[in-house]
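Quick notes on the structure that follows.
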Amino acid sequence: MRDFIIRRLVYAVPTLIGISIITFAIARLSPGDPIRLFTFGIKDFTQEDYLRLLHAYGLDKPMPLQYVDWVTNIFRGSFGESLIYHRDAFVMLMERLPNTLQLALVALLIQLIIGVPLGVLAALKRGSWVDGAIRIFGVAGHAVPAFWLGLILIILFAVNLRWLPSIGMLTVGHDQWDIADRIKHMILPAFVLALTGIANYSRILRTETLDVLAQDFVRTAHSKGLRERTVVYVHALRNALIPVVTALGGILAALVGGALVIEQVFSWPGVGQFTFQAAIAKDYPIVQAGVMFTSTLLVLSYLLRDLTYAIVDPRIKVG
Amino acid sequence: MTQKRLRTLIAGFAGTLLLVTACTPGGQGNASPTPTAATSEKPQQGGRIVEATISDIATIQPILSADTASSRIINLIYDGIIQQDYKNGEPKPKMATFSISQDGLTYSFEINAKANWSDGKPVIAQDWLTGIKAVGKSQKTVRKSNFQDVEGFLDYCVGSSSSGCTGTAKEISGVKIDSANPKKFSVKLTKISCPAIIDLNGYTLPTQVFGKYVTDSSKDEIDTAPENTAPTVFSGAFKFSEWRKGDQVILNKNPDYWQGAPNVDQYIYKVVANQTAIANGLKTGEITWGNIQPKDLADMQTVDTIKITKYQNLGYTFISWNTLSPTVPAFADKRVRQALAYGIDMDQVIKAVVFGEATKQVAHHVPVQWAYPSSPLEPYKYDKAKAQQLLTDAGWVKGSDGILAKDGKKFAMTITTNSGNQERETLAQVAAEQYKQLGIDAKSAPEAFQGLVTKLTTGDPVIEANIIGWSLGGDVDPYQIWHSSQIPDRAKGTTGFGFTGFKDAAMDKAIEQGRNPTNGDCSTAARKAQYETFNKILNENQPYNFGYANNVLVGAQKTLQAFDPGSFSAIWNVHTWWIKQ
């Protein structure tokens, strides 16, 4: 197992180097000049001022040298100073990470709590109207755009019914530790973020449960005279859940990366919204830090997934 | 800019093309204005104001600020020595009265005896000097050029050799603090500059906090000072409490504010994703006030709890014609540009694009500016026949395909605009459609703002026609946009906002005399005469289709009292605002 882990970690290195090159290249080669952008319209701003700022931010160096500087500084623990905020990009990103993680974790929880029972129920009621309804829900969950659903839910539950807030993660003036208020703010965005996952889980669980229910050991359990409930929940479900459990790491990373739209719709001050705004403003250090962070998270989560696979299914070997 | 970032950047212009005006040599500033509540009721104490913004602040350090969101917080916690009248933009005393010497070169200030910092120390001339010194020391400020005309500033400031900063002096020789009265000081300029009074507002920073960053041995530590994001001492109506990054900035009332303690306890600057969220937040009561979009106006007017205030924006949206375009040489012909003005029904466009919430523009200055011309200008009322006649006069004749052609070359053009800005994208499409009716093969092409800005300011010939907007901010000086020195030249590597390439010697002269008059007369009347000439030349030559000036639509809870936003400031009387329970 140790060799397996080491080998996987070694594999991750070229992946991350590749990501760093692509991230850097995309950020730098996209049209536009950040200094021109944030100084657009500044009174009496001269060409000399422009050159001074270009130098101050190290943007006057050749591109490969800028890349080397960037990577070198990463190893020194700095992703560079934001061109707009004049603060360390990674520190700013980490300030917002807990907000995104909260949302992602709650969404994950909702996905599991709703998606798993729905999948099992659909399998047990295969061919019935319940199965059909869950299938329709699954298709709708995939098809409905998150931003649209978010806006509809805001209009319904916040603007019209006034049951839930429409913006942010805390009512203005409330204490940061007001958990009840925080939950109220989280319900709509977490549900919308979770929706695709619910549809995914219910579909996977339905397939897996049907597959497991048809296997010999389930028939054996039945023939031993065990109760239906015991057969399904103790024997079948445990096996059907394996793909779900192993996929958790990857899903969490995807949720963190995918929260962007939800953060925009619900004005949730998370990493996605922050990185998106930085991309618009061509704030290179933040964009690069954001993409590198999310990519690293994804690489690590896939590594975790492979490890989990190897643990729960010893037949899997690293290639 | 997305629309969000875009708006911030364009709006940032407001805080930057600073105002000027009635700075008659030898004139004396008036007493500080006393804000009046919009109601005769006795203000109630307490409560909280939540203003919605679509951009988080970038800094709380005035010398580094280049965006409107940061400027809002800075203006709430730091007072300036002067201010602009919130309706007409005239510079007026705030923390200090001012006078200008007969030769127009020396500005004298006296800070109000009541003006004090939140730690009890008086605001003194040294605090103003600390601000200007901080600009001199900073490597990342975008304001260095604002003070280049202050005598001795270039000797003091640090920067690249080409910027003129030498860093050889330890003091700024043109700034003299009265040894007998620490609240009095004077600033000497190297040349007469009518917009100077606004620049000289400077940045009055507490020396007890920032003084350590502007000592003789300081380098650019001011750029990374922790107080830039968590200030500790204030002169404004509110005191900084907390910045929850990406979410909100929390300010508490300054009970010792020199103009009187604010009525409300807190001012929250709440970041939301977009203007739809602002409209929703106003309806739910989560937001006290914020700007709304024209498309939401009808809906918001049906909400009982909301009142809508409209005022004219200090800017306009226009279509620029690249008169130097190698691909559309037609733009070099004045008759063609005039035809393009007559050939678009701008009144209809305003209805279609911004729901009628704008005023048609036919020259540079907008109606709320004092420099707006008094003499009538050609209104370019929609007249398709006249447009076609002008095109015919210019030699453009329709071919069998219905497209205008001259010397075998068809009249084709692409109108670019920044993608993501729905209003401008619609305007580009509508304009292209209307120009097609004239026989012009017009297309619209959205493009990312980031790239567009670089192309425009560097004079990239690929831009033929373009839609963008100016927010004119304080001063009426149009030098940076219309003086011929501001035309970008790729061959010479110079950049600027004169991306139409249009120049006119008489217009240059009028701009120069409105900015640095040879007779030293910076009076409003003298400058206005120059700007009459300037606007008339632009009106006749139409290097832009000047488009329209939008209305600013503000939605506020009806419980918010004494709220009276104007074109030049929305928060000018914020300490008198109160919440009716």
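Tabulated data
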{"read-out": "Relative contact order %, chain B, counting alpha carbon pairs below 8 Å whose residues are six or more apart", "value": "22"}
{"read-out": "√(5λ) per eigenvalue of the Cα gyration tensor, chain B, largest first, Å", "value": "41, 30, 21"}
{"read-out": "Solvent-accessible area lost in complex, 10 Å² minimum, residues of the range B:278-301 relative to chain alone, 1.4 Å", "value": "B:Asn280, B:Lys283, B:Thr284, B:Glu286"}
{"read-out": "Buried solvent-accessible surface, both chains (A, B), 1.4 Å probe, Å² to nearest 100", "value": "5200"}
{"read-out": "P(r) tail fraction, the range B:407-553 - alpha-carbon pairs more than 29 Å apart, %", "value": "25"}
{"read-out": "Accessible area of the range B:82-227 belonging to carbon and sulfur atoms, whole % at 1.4 Å probe", "value": "50"}
{"read-out": "Loop-located chymotrypsin sites (Phe, Trp or Tyr not before Pro) in the range A:137-203 whose Cβ has at most 11 other Cβ within 10 Å (DSSP)", "value": "A:Trp163, A:Trp177"}
{"read-out": "Cross-link table B:Lys140/B:Lys307; A:Lys61/B:Lys455; B:Lys384/B:Lys410, entries beyond 29 Å C-alpha to C-alpha", "value": "B:Lys140/B:Lys307"}
{"read-out": "Sorted largest first, extent of the range B:192-288 alpha carbons per principal axis (Å)", "value": "53, 34, 30"}
{"read-out": "C-alpha long axis of helix B:422-437 to longest principal axis of chain B, angle in °", "value": "20"}
{"read-out": "Computed P(r) (all Cα pairs; the range B:311-462; 5 Å bins; percent)", "value": "2, 9, 16, 20, 20, 17, 11, 4, 1, 0"}
{"read-out": "Two-decimal Rg/Rh across the protein assembly as shown, once Rg and the Kirkwood Rh are taken from alpha-carbon atoms", "value": "1.02"}
{"read-out": "Highest-fluctuation residue, A:Leu93, A:Leu65, A:Leu83 considered, GNM on chain A with Cα pairs under 10 Å", "value": "A:Leu65"}
{"read-out": "Beta bridges by DSSP in the protein assembly as shown, antiparallel share as percent, to the nearest 5", "value": "80"}
{"read-out": "Cα-only Debye scattering, the range A:154-210: base-10 log of I(q)/I(0) at q = 0.26, 0.28 Å⁻¹", "value": "-0.99, -1.07"}
{"read-out": "Candidates A:Pro64, A:Pro165, A:Pro34, ranked by Gaussian network fluctuation over chain A, Cα under 10 Å, top entry", "value": "A:Pro64"}
{"read-out": "Cα gyration tensor of the range A:32-73 - equivalent ellipsoid semi-axes, whole Å, descending", "value": "24, 10, 8"}
{"read-out": "Distribution of pairwise C-alpha distances over the range B:129-184, 5 Å bins, in %", "value": "4, 21, 31, 22, 11, 6, 3, 1"}
{"read-out": "Rounded D (µm²/s) - the range B:82-227, Kirkwood Rh over Cα pairs, Stokes-Einstein at 10 °C, 1.306 mPa s", "value": "101"}
{"read-out": "Accessible surface of the range B:399-531, 1.4 Å probe, proportion on carbon and sulfur as whole %", "value": "49"}
{"read-out": "Positive minus negative residues near A:Val299 (Lys, Arg vs Asp, Glu; Cβ under 15 Å)", "value": "+2"}
{"read-out": "Cα gyration tensor of the range B:424-477 - equivalent ellipsoid semi-axes, whole Å, descending", "value": "24, 16, 11"}
{"read-out": "log₁₀ of I(q)/I(0) at q = 0.15, 0.23 Å⁻¹ - the range A:2-75, Debye sum with one point per alpha carbon", "value": "-0.66, -1.09"}
{"read-out": "Principal-axis tilt of helix B:524-541 within chain B, Cα atoms, nearest 10 degrees", "value": "30"}
{"read-out": "Between the range A:30-96 and the range A:184-224, the alpha-carbon center distance in angstrom", "value": "47"}
{"read-out": "Kirkwood-Stokes translational diffusion coefficient of chain A, alpha-carbon pairs, 4 °C, 1.567 mPa s, µm²/s", "value": "57"}
{"read-out": "Angle between chain A longest axis and helix A:284-312 axis [Cα atoms, degrees, rounded to 10]", "value": "20"}
{"read-out": "Solvent exposure of the range B:255-411 as accessible area per residue, Å², 1.4 Å probe", "value": "40"}
{"read-out": "Normalised contact order of the range B:315-552, rounded percent, pairs of Cα under 8 Å and 6 or more residues apart", "value": "34"}
{"read-out": "Dimensions in Å of the range B:289-352 - Rg and Dmax from alpha carbons", "value": "18.6, 56"}
{"read-out": "Probe 1.4 Å, protein heavy atoms only - accessible area per residue of the range B:82-227 in square angstrom", "value": "38"}
{"read-out": "Accessible area per residue in Å² at 1.4 Å probe, computed on chain A", "value": "48"}
{"read-out": "Carbon plus sulfur fraction of accessible area for the range A:46-129, probe 1.4 Å, in percent", "value": "69"}
{"read-out": "Occluded residues from the range A:81-123, i.e. those whose accessible area drops by 20 Å² or more once the chain is not alone (1.4 Å probe)", "value": "A:Glu81, A:Ile84, A:Tyr85, A:His86, A:Arg87, A:Glu95, A:Arg96"}
{"read-out": "Kirkwood Rh and Cα Rg combined as Rg/Rh, the range A:72-196", "value": "1.11"}
{"read-out": "Cross-link partners of B:Lys239 among lysines (Cα-Cα below 21 Å; sequence separation of 8 or more within a chain)", "value": "B:Lys94, B:Lys114, B:Lys121, B:Lys253, B:Lys270"}
{"read-out": "Hits among aspartates and glutamates - C-alpha to C-alpha of B:Lys42 under 18 Å, sequence gap 8 or more where chains match", "value": "B:Asp265, B:Asp564"}
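The values are calculated or read from the model by the stated rules, or taken from the named source; none is laboratory data. None of the values given here were measured: they were computed from a predicted structure. Cβ sites come from the backbone with ideal geometry, for glycine too, and all protein chains shown count toward neighbours. SASA here: full protein model, heavy atoms, side chains in, ligands and nucleic acids out. Shrake-Rupley method; radii C 1.70, N 1.55, O 1.52, S 1.80 Å.
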